[in-house]
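Enquirer: Right, I'll just put the structure down here and ask away after.
Where a number appears in this text, it was derived from the coordinates with a stated rule and is not lab data. Remember, it's a predicted structure, so these values are computed and weren't measured experimentally. When we count neighbours, we look across all protein chains shown, and the Cβ atoms used for this are built from the backbone with ideal geometry, even at glycine.
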Amino acid sequence: MVERTVLAGARVVLPTGVVEDGRVTVEGRRIAANDSSEHATATGSATGSGGGRGRDEHATLDLSGHWIVPGFVDMHVHGGGGASFSAGDPEEALTAIRTHRAHGTTTMVASTVTGDLDDLARQAAVLSELTEQGDLAGIHFEGPFISPHRCGAHQPELLRDPHPADVRKLVDAARGAARMMTLAPELAGGLDSVRLLADHGVVAAVGHTDSSYEATLDAIEAGATVATHLFNAMPSLLHRAPGPIAALLEDERVTVELINDGTHLHPAVLELAFARAGADRVAFITDAMGAAGMSDGMYPLGPMSVEVKDGVARIADGPTAGSIAGSTLTLDTAFKRAVTIDKLTVEQAVRALSANPARLLGVADRVGSLEPGKDADLVVFDASYDLVGVMRKGEWVLRP
């Protein structure tokens, strides 16, 4: 028989709102029910507070005073735990995956860094295998089709225009696992490549761009639907030259990524994005590199060296030295910051961390909310919003 676990007594965040003294019933890998304890039927023996499933066919775990939220979905992450997805090594990729899972990210897309096309194709082959076996939700190509004027932590000499044939080469190398590609639409071939991506079911994201307001509108009309880490690596919002920021914020078809680590964005800017785009169009991402979950020190990011000091990652040398090089963020930290510093509601934070990216990636039928029939992916926080538990597909990654 399928083993059943009841998580009881917590505040449960559902698409319809927060259920006080709620319960989530897990059967095998799936969520079976999410009803309030006042209306739920007791199912088998209870192990009491601090209890667990063990070998009991029916077990109840008392989570009074806690929060249960859906597992987080990160659609832009480069690595963690000292490992990078750009290494092209499956074991290193799994290290990064496990690191972020332990911080509540139960679904993630692996992001690459600008490199030679053949190297990126080889990386895609490795990451596509991990996608096929269910460890990843796909691949995000960030570069090399980005602006040399806004390259950030990407090696300038490896950048190139987004000619559709080159874009198609990477999509084909991913063997169906390509989920998103970031490009600068103002470059030669940019709009044609946006159309190509849209035709192949790959999300076209505007980022690392020097695009104008008008050129960005053209990209959206061509099929672009994501703003890669909005505000970062693009022209600032100016009163006579609104640039890509205004275009991306105002269009209802665009989901905007935000890095909520306190370094990439001022809280007032994050508030502006939520006010203009609305809670249903924001996706929190980590943009994390290999130092996520690690201490300060030197780390690789693709072909470059990055120094992490006080938790902030910057390129160590070369023409882009000093540029912020992704983040060391994990999504449990982004969640706590959202509800304690940014003063978002828990429901708003959950949409940005789970529901919105799941919908954007086309996996909302399986993850992103605590609804019956979906994967039993969930995160448990205590009353202070500190992470205490992570479940993925019905198995505890971190047991409360």
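Enquirer: In the Gaussian network model of the chain, springs joining C-alpha atoms below 10 Å, which of Asp261, Asp280, Asp377 carries the largest mean-square fluctuation?
Expert: It is Asp280.
Enquirer: Between Glu132 and Ser305, what length comes free when the chain is fully extended (0.36 nm per residue of separation minus the Cα-Cα distance, one decimal in nm)?
Expert: Answer, rounded to one decimal: 59.2 nm.
Enquirer: Now a separate question. Report the gain in length on full extension from Arg240 to Thr16: 0.36 nm times residue separation, minus Cα-Cα distance, nm rounded to one decimal.
Expert: On the way: separation 224, 0.36 × 224 = 80.64 nm, distance 4.10 nm.
My answer for the length gained is 76.5 nm.
Enquirer: Pulled fully out, how much extra length does the chain show between Arg276 and Arg253, if you take 0.36 nm times their separation in residues and subtract their Cα-Cα distance?
Expert: Details: separation 23, 0.36 × 23 = 8.28 nm, distance 1.31 nm.
Here the answer is 7.0 nm.
Enquirer: Compute the Cα gyration tensor for segment 324-367, then decide on rounded, prolate or oblate, letting a ≥ b ≥ c be the square roots of its eigenvalues: rounded whenever a/c is under 1.5, prolate when a/b is larger than b/c in the other cases, and oblate in all that remain. If you can, show how the numbers build up before the last one.
Expert: On the way: a/c = 2.80, a/b = 1.31, b/c = 2.14.
Note, shape of segment 324-367 comes out oblate.
Enquirer: Mind running the shape call on segment 335-400? Use the C-alpha gyration tensor, a ≥ b ≥ c as the square roots of the eigenvalues: rounded below 1.5 for a/c, prolate if a/b tops b/c, oblate otherwise. Don't jump to the answer; show the numbers that get you there.
Expert: Values: a/c = 2.65, a/b = 1.18, b/c = 2.25.
Oblate.
Enquirer: Could you work out the mean projected area of the convex hull around the alpha carbons of segment 72-361, in square nanometres to one decimal? Present the calculation step by step, with values, prior to reporting the outcome.
Expert: Details: hull surface 51.5 nm².
Average projection, Cα convex hull of segment 72-361: 12.9 nm².
Enquirer: For the residue pair Val269 and Arg175, what label-to-label distance in nm results when each label sits 7 Å from Cα along the Cα-to-beta-carbon direction?
Expert: 4.0 nm
Enquirer: While we're here: Springs between alpha-carbon pairs under 10 angstrom, Gaussian network model over the chain: which of Gly143, Gly322, Gly79 fluctuates most?
Expert: Gly322
Enquirer: For the chain, give the share of DSSP beta bridges that are antiparallel, in percent and rounded to the nearest 5; count only bridges with both residues there.
Expert: Values: 37 of 68 bridges.
Restricted to the chain, the bridges split so that about 55 percent are antiparallel.
Enquirer: Here's a follow-up. With a/c under 1.5 counting as rounded, go ahead and sort segment 258-302 into rounded, prolate or oblate using the C-alpha gyration tensor (a ≥ b ≥ c being the square roots of the eigenvalues; past the cut-off, prolate if a/b is larger than b/c, else oblate).
Expert: Details: a/c = 3.72, a/b = 2.44, b/c = 1.53.
Prolate.
Enquirer: If you don't mind, there's one more thing I want to ask. Excluding Val171 itself, what net charge comes from residues whose Cβ is under 11 Å from its Cβ, given Lys and Arg +1 and Asp and Glu -1? Mind dumping the intermediate values first?
Expert: On the way: positive: Arg168, Lys169, Arg175, Arg179; negative: Asp166, Asp172, Asp199.
Counting the neighbours of Val171, the net charge comes to +1.
Enquirer: What are the ³J(HN,Hα) couplings of segment 280-288, residue after residue, when phi is run through the Karplus curve with 6.51, -1.76, 1.60 and θ = phi - 60°? Round to Hz, x for glycine and proline.
Expert: 8, 10, 10, 10, 6, 10, 8, 6, 6
Enquirer: What ranking of Arg359, Arg179 emerges when the number of other C-beta atoms within 10 Å of each C-beta is taken as an exposure proxy, fewest first? Intermediate values should be presented prior to the final figure.
Expert: Numbers: Arg359 18, Arg179 23.
Lowest to highest Cβ neighbour count: Arg359, Arg179.
Enquirer: Convex hull over the Cα atoms of segment 96-214, averaged projected area in nm²? Spell out each step's value before the answer.
Expert: On the way: hull surface 30.3 nm².
Computed as one quarter of the Cα hull surface, the answer is 7.6 nm².
Enquirer: Here's another thing I want to ask about it. Taking the Cα atoms of segment 211-317 alone, what are Rg (to one decimal) and Dmax (as a whole number) in Å?
Expert: That works out to 15.6, 43 Å for Rg and Dmax.
Enquirer: How large is the helix-only mean residue ellipticity at 222 nm for the chain, computed as the sum of -39500 (n - 2.57) over DSSP H runs with n ≥ 4, divided by its residue count, in deg cm²/dmol to the nearest 500?
Expert: On the way: 10 runs with 98 residues, N = 400.
The per-residue figure over the chain is -7000 deg cm²/dmol.
Enquirer: Rounded to the nearest 0.05, what FRET efficiency do Ser295 and Arg399 give with R0 = 22 Å and r taken as the Cβ-Cβ distance? Could you check?
Expert: On the way: r = 25 Å, r/R0 = 1.14.
According to the calculation, E is roughly 0.30.
Enquirer: How far is it, in nm, from the label point at Ala188 to the one at Ser212 when both lie 7 Å from their Cα along the line to the Cβ?
Expert: Placing both labels 7 Å beyond Cα along the Cβ direction yields 2.0 nm.
Enquirer: Over the chain, what is the relative contact order in whole percent, taking alpha-carbon pairs under 8 Å and six or more residues apart? Provide the component values of the computation, followed by the final result.
Expert: On the way: 1030 pairs, mean separation 75.0, N = 400.
Worked out over the chain, it gives 19 percent.
Enquirer: What does the charge count near His76 come to, summing +1 for each Lys or Arg and -1 for each Asp or Glu among other residues with Cβ under 14 Å from its Cβ?
Expert: With Lys, Arg at +1 and Asp, Glu at -1, the net is -4.
Enquirer: Less than 18 Å apart at the alpha-carbon level, and either on another chain or at least 8 residues along: which aspartates and glutamates does that give for Lys343?
Expert: Within the straight-line limit of under 18 Å, Lys343 reaches these aspartates and glutamates: Asp261, Glu271, Asp280, Asp332, Asp382, Asp386.
Enquirer: Considering the chain as a Gaussian network with a 10 Å cut-off on Cα pairs, which listed residue, Thr340, Thr255, Thr286, attains the greatest mean-square fluctuation?
Expert: Its mean-square fluctuation being the largest, the pick is Thr340.
Enquirer: Reachable lysines from Lys336, Cα under 26 Å, same-chain residues fewer than 8 places away excluded?
Expert: Once the sequence-local lysines are set aside, what remains near Lys336 is Lys309, Lys374, Lys393.
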